[in-house]
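Worksheet: the structure to be examined is printed underneath.
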Amino acid sequence: MLVGAAIAALAISPVPAFAAATPRVAVPVVASAAPTTDVVSSFYAQRRNAPLWLKAGAQSSAATEFLQVLQRAPLDGLSNGPALANQAQGLLARASTGDQAAAADAERLLSTAWVMYVQALQRAPAGMTYADNWVKPHLSTPGQILSRAASAPSLSAHIREVSAVNPIYARLRDAAWSNMQMTGAPADPRVLASLDRVRDMPFQKRYVMVDTAGAQLYMIEDGQIVDTMRVIVGKVDPSTQTPMLASTIYYATLNPYWHVTDELVRNLIARNVINQGVGYLKTRGYQVMPATAGDDTLLDPAKVNWRAVAAGDEQVRVRQLPGPMNSMGQLKIGFPNADDIYLHDTPSKGLFAQDDRNLSHGCVRLEDAERLGRWLLGRDPQSASTSDPEQHVLLPTPVPIYMTYVTAQVNDGKLSYVDDIYGRDNAHASQVATLAN
């Protein structure tokens, strides 16, 4: 009961000052509420009070490893982690002298803290839209969290696996913690914002992450980054920014059409036809169709009132045939989302050499679409039998995709920063300040 009361107090009270040698996190994220002591008590009752953390005594390697994790836990979203670690250390010191009551209290405190820590990691990143149910975060109950820990072949390995979250998150968090220990300075707000946005815990072994701030794509498998490439992402204007979203890639499209957006039909295609004539459409492989979705009847472009289209008084749909000029290149990779965002090849390869790659209308252009397609499909993304347009090829296994925004980067183990092109760091700082008040 004493441990339960202490945990409850830690969950609602301000975090005590860290030990003098422990760096501070500048703006702690609000801690999750302590789980009920009934769940922890029931867990130990089912085990007949067999220890989980202290099987090898008070100097257990798993307990020691978890205490280190708790000291840096404010970076993970658990603001009172260091206070929990300090309390546990006191109990373990008493347990090492043979105090059995202290050992029992330490057991329950560590289990309760582990539940709080895992639940903090499982909170969905702020601003992320989950466009497909398959990739929504799996929120575990306290009982499930403790059961997994108890059934793990190695509790220390289980702690490392869970706390790693994903490789992009782990290397940023570890670099930030190392920097804080060396300098004694608090965590940079950009680090906290980036960690919050990339704190996704995919349950699948293979997935794609796109960092729109750094304009990079990562292919991740079995907890490791197996490949990466440059990408081109949305422009700075709010209407063209690439959003934060998570979804699932179920198929790739070979020889895709480019279905021109209504905005580009009005502001680009129509005005070019007015200035250059309908020959503009033919030389670039554009076809014109009625505005009605699903009606792919080809219209005679010479009979379209392009001035009315440019003015927004009339609408037509325009698509570009596959070929060397097609803006989709040879491959398009779509996934469910309300914004019609997708990945695609591009014929304009020279743009990837630029440092500023915020050039699209929201979709993501791939430096090497064929390489990504090969990783997704397990074979060359080419059709050996036909050159027909819009060939949809199912992936052997669906692959999640997470599009996030990371302004704090790690290069050669050191922290660096990219421009906050979309202004999302300021919004995150305001959100944290509101929660803190």
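Apply the a/c threshold of 1.5 to the C-alpha gyration tensor of the stretch 258-320 and tell me whether it is rounded, prolate or oblate. It comes out rounded by the Cα gyration axes.
Taking the centroid of alpha carbons for each part, the stretch 328-368 and the stretch 300-319 are 26 Å apart.
With the simple spin-label model, which puts each label point 7 Å out from Cα in the Cβ direction, the Ala150 to Ser239 separation comes to 5.8 nm. Based on C-alpha pairs under 8 angstrom that are at least 6 apart in sequence, the chain has a relative contact order of 19 percent. If R0 is 45 Å, the Cβ-Cβ spacing of Asp222 and Arg284 corresponds to a FRET efficiency of close to 0.55. The protection proxy used here, the mean number of other Cβ atoms lying within 10 Å of each residue, ranks peptides 338-345, 84-91 as follows, highest first: 84-91, 338-345.
Assign one of three labels to the stretch 80-161, namely rounded, prolate or oblate, based on the Cα gyration tensor with a ≥ b ≥ c the square roots of its eigenvalues; rounded applies when a/c is under 1.5, prolate when it is not and a/b is larger than b/c, and oblate otherwise. Prolate shape, in that a/c is at least 1.5 and a/b is the bigger ratio. Against the empirical 2.2 N^0.38 Å (N residues), the chain has a Cα radius of gyration ratio of 1.20. The protection proxy used here, the mean number of other Cβ atoms lying within 10 Å of each residue, ranks peptides 256-266, 241-251 as follows, highest first: 241-251, 256-266.
DSSP finds beta bridges in the chain, and of those with both partners inside it, around 80 percent are antiparallel. Overall, the chain carries a charge dipole of about 500 debye about its Cα centre when +1 sits on the Cβ of Lys and Arg and -1 on the Cβ of Asp and Glu, all other atoms neutral.
Averaging the Cα positions of each part gives two centres, and for the stretch 237-298 and the stretch 76-135 these lie 51 Å apart.
Summary of packing: across the peptides 122-131, 171-180, 211-220, the per-residue average of other C-beta atoms within 10 Å ranks them, highest first, as 211-220, 171-180, 122-131. If the segment from Lys349 to Thr292 were pulled out straight at 0.36 nm per residue, it would be longer than the present Cα-Cα gap by 17.1 nm.
Values quoted throughout were computed directly from the atomic coordinates according to the rules given, and no laboratory measurement underlies them. Remember, it's a predicted structure, so these values are computed and weren't measured experimentally. No Cβ is skipped: glycine too gets one built from the backbone with ideal geometry, and neighbour counts run over all protein chains shown.
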